[in-house]
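Note sheet for the following structure.
The values are calculated or read from the model by the stated rules, or taken from the named source; none is laboratory data. Owing to the predicted nature of the structure, the values given are computational and were not obtained by experimental measurement. No Cβ is skipped: glycine too gets one built from the backbone with ideal geometry, and neighbour counts run over all protein chains shown. Quick note on the areas: whole protein, heavy atoms, side chains included, nothing else; ligands and nucleic acids left out. Shrake-Rupley method; radii C 1.70, N 1.55, O 1.52, S 1.80 Å.
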Amino acid sequence: MSVNVMFVCLGNICRSPTAHGLFAARVEQAGLSGHIQVRSGGTGGWHVGNPPDERSVRVALERGIDLSHLRASQVSSRDFQSCDYMLAMDAANLADLRRMAPPAYPGVLDLFLTFAADSGYREVPDPYYGGEDGFQLVVDLIEAASDGLLQHIRRHQLGQG
Ligand code: 4NP
């Protein structure tokens, strides 16, 4: 049994690579790397092939997560065929994904922060044009939602707890 998770934002250089690296580290720590595959993409293609934004890399590294090996890609309708969870950072990303999704997509297509019910946020705000605070908030929200998502997958996909 293998579960495929894809995180999606606009550029795939700030929010979704942070989610990708941080959630993959949580999966690894839980000993579930053989069961859960993680990837990320952007709805836009401007940064394809680029490493994550250096501000995201730095803030993630402060929490012990290395994002420097990741490279940006653009999400495509093919990703729906292989992913069980398509998780958007904000409502615009979710609307774009809904337009690309096959009519009877059987997976979970939703905002990532549905897995961080107590965070007080619905969306992960785009930090690109802002300051350091925005990048710290991105990691805080992603940490909270990653814990919720891992718990959800364990229970609903892997039959644990
Ligand atoms: P992300 O942030 O969607 O979290 O990767 C952005 C990155 C780049 C741009 C916008 C948002 N941009 O306009 O290039």
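Going by the conditions given, is residue 96 within 16 Å of the ligand (Cβ to nearest atom) and assigned to a helix (DSSP H, G or I)?
Yes: the conditions hold for residue 96.
Only one residue in 60, 19, 30 is in contact with a helix residue (DSSP H, G or I) (Cβ under 8 Å, 6 or more places away or on another chain) and either among the aromatic types (Phe, Trp, Tyr) or farther than 24 Å from residue 107 by Cα (or both). Which one?
60
Regarding residue 59, is this residue open to solvent by less than 20 Å² (accessible area, probe 1.4 Å) and closer than 19 Å to residue 125 by Cα?
The answer is yes for residue 59.
Restricting to region 32-51, count the residues that are touching a residue at least 40 places away in the same chain (Cβ under 8 Å) and farther than 21 Å from residue 99 by Cβ.
Of the residues in that region, 3 qualify.
Which of the following residues is within 16 Å of the ligand (Cβ to nearest atom) and part of a helix (DSSP H, G or I): 25, 19, 72?
19 is the lone residue from the list that is within 16 Å of the ligand (Cβ to nearest atom) and part of a helix (DSSP H, G or I).
So, in region 101-119, of the ones that are under 16 Å from residue 16 (Cα atoms) and away from the ligand (no atom under 16 Å from the Cβ), which residue ends up least open to solvent (accessible area, probe 1.4 Å)?
For region 101-119, the residue satisfying everything is 116.
Residue-wise test of (1) within 17 Å of the chain's Cα centre (by Cα); (2) in a helix (DSSP H, G or I); (3) of a type in the set (Val, Ile, Thr); (4) on the phi > 0 side of the Ramachandran plot.
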| position | (1), (2), (3), (4) |
| --- | --- |
| 105 | no, no, no, no |
| 109 | yes, no, no, no |
| 141 | yes, yes, no, no |
| 145 | yes, yes, no, no |
| 149 | yes, yes, no, no |
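Can you name the number of the only condition in (1) more than 14 Å from the chain's Cα centre (by Cα); (2) of a type in the set (Lys, Arg); (3) within 14 Å of residue 149 (Cα to Cα) that residue 55 fails?
Just one mismatch for residue 55, condition (3).
Looking at (1) of a type in the set (Val, Ile, Thr); (2) open to solvent by 30 Å² or more (accessible area, probe 1.4 Å); (3) touching a Ser or Thr at 6+ places or on another chain (Cβ under 9 Å); (4) under 21 Å from residue 113 (Cβ atoms), which is the one condition that is false for residue 48?
(4)
For residue 46, only one of the following conditions fails: (1) under 16 Å from the mean Cα position of the chain (by Cα); (2) within 12 Å of the ligand (Cβ to nearest atom); (3) of a type in the set (A, V, I, L, M, F, W, C). What is its number?
Looking at each condition in turn, residue 46 falls short on (1).
Suppose we keep only residues that are small (Gly, Ala, Ser) and surrounded by 21 or more Cβ atoms within 10 Å (Cβ to Cβ) within region 62-100. Which one would you say is nearest to residue 9 (Cα to Cα)?
88
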